[in-house]
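Written below as structure tokens is the structure these notes are about.
None of the figures in this text is laboratory data; all of them are computed from the coordinates on show. This structure is a prediction, so every number in the text was calculated from the model and none was measured. A quick note on method: Cβ atoms are made from the backbone with ideal geometry, for glycine too, and the neighbour counts reach across all protein chains shown.
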Amino acid sequence: MSRSQPSPAMAAILTRLAAEDAGLPDPTLLPAAEGRAQAAHGNARWNRELPEMAEVREVTVTGAAGPLPCRILVPKGAVRGTILYLHGGGWAFCDRDTHERACRVLAEAAGAVVVNADYRSAPEHPFPAGVEDAGAIWAALKGGHGPFAGLAGPYALAGDSAGANIAMAVMLDANAPRAECGLLFYGVYGADFATPSYQDFAEGPGLTRAKMQRYFDWYVPQDQRNTPRVAPLCADDAALRALPPLYLNAAEIDPLRSDTERLYARLMALGRADRFRLHGGVVHGFMQMSLELEEARRALADAGEAFRSLTSQPPRKDTTRERDT
């Protein structure tokens, strides 16, 4: 199998999705509300047979612009620590419902409470609205305020795609409470659409360069994109050095892959002990597919293990880059 081709399991899913979604328009070419509804419908197929939790609580946190809905997921068994999860969706689509199964599987794998959070979406609420909302939820969680009273540490910030971008923006804020670690899945870390992976996978499958460009257009004007809170790769060395320990992953067949590879290279050049796994043969967003895709289950299990180990061991230099075969 060519390393640039989907695995057999991924290819079978892509073929089925193409048939199921035949005739549907590109959601980024629709009015935002319509695109959001289409994304929600498409993600519903991945949110069946949800793992049973010991407790599920719907709560709200007070943000600068109003209440922010969150779902607290408490797994069965012994629990150690709390993870704030920020969903992906190009800063414009998705919510806590579209990422429910992934968050429940992560809660089980980590043996930790997962706070599955919503934030305001672009284009109605462009940057920095989502970052501000995430920061407010994070401060409330770390402070044990309101509905988060009793949720103990260690605490991690996590997210996928645009959610990973927002999680990084919060961790780069010197005024924000410090996380014990970050769990970041196929994130957006720059606004360079000419990277090797943007060139290799400009037309997908799945996420495309044109879709990412439209997401960025909805989220932030071009003259504001080269700032660390939008493009973490623009952060200086001191800011990156001050980050908590990170676990990064990337999908091999993804326009965003180079973003993670470039971020990891910078972190390693600084002598940090961060971890990176490249998941072969899968496309952007594959962790949503844990109901059917073994690589998604593996990725969530790896993230859970990373949470446990990064928050229980002293820092160490780890220069091993893992790659699936």
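Some notes on this structure:
- Since only G88, A306, V230 are under comparison, the one whose Cα sits farthest along the positive direction of the charge dipole of the stretch 8-323, derived from C-beta charges on Lys, Arg, Asp and Glu, is A306.
- Over the chain, relative contact order from alpha-carbon pairs under 8 Å, at least 6 apart, %: 18 percent
- Dipole magnitude for the stretch 172-227: about 100 debye, using +1 per Lys or Arg Cβ and -1 per Asp or Glu Cβ, origin at the Cα centre.
- Förster radius 51 Å - calculated FRET efficiency between R241 and E203 (Cβ-Cβ, nearest 0.05): 0.85
- Were the residues from R225 through R298 laid out at 0.36 nm apart, the gain over their Cα-Cα distance would be 23.0 nm.
- Rounded Å value of the spacing that divides the Cα centres of the stretch 156-188 and the stretch 29-46: 25 Å
- Selected from W138, S290, Q199, residue furthest toward positive end of dipole (the chain; charges at beta carbon): W138
- Added length on full extension, which subtracts the Cα-Cα distance from 0.36 nm per residue, D26 to A152: 41.2 nm
- Convex hull volume of the stretch 8-323 per residue (C-alpha atoms, cubic angstrom): 121 Å³
- The relative contact order of the stretch 86-180, computed from alpha carbon pairs under 8 Å that lie at least 6 residues apart in sequence, is 35 percent.
- Positive-end extreme of charge dipole, the chain - chosen from P67, A174, H125 (charges on Cβ): A174
- Looking at the stretch 1-92, the GluC sites (Glu not before Pro) that sit in a DSSP loop and have at most 15 other Cβ atoms within 10 Å of their own Cβ are E49, E52.
- Most mobile of G144, G285, G90 in a GNM of the chain (Cα contacts under 10 Å): G144
- Assigned charges on the beta-carbon of Lys, Arg, Asp, Glu; the chain dipole about Cα centre (debye): 760 debye
- Comparing G304, G271, G111 in a Gaussian network model of the chain, where Cα atoms under 10 Å apart are tied by springs, the biggest mean-square fluctuation is seen for G271.
- Antiparallel bridges, percent of DSSP beta bridges restricted to the stretch 8-323 (to nearest 5): 30 percent
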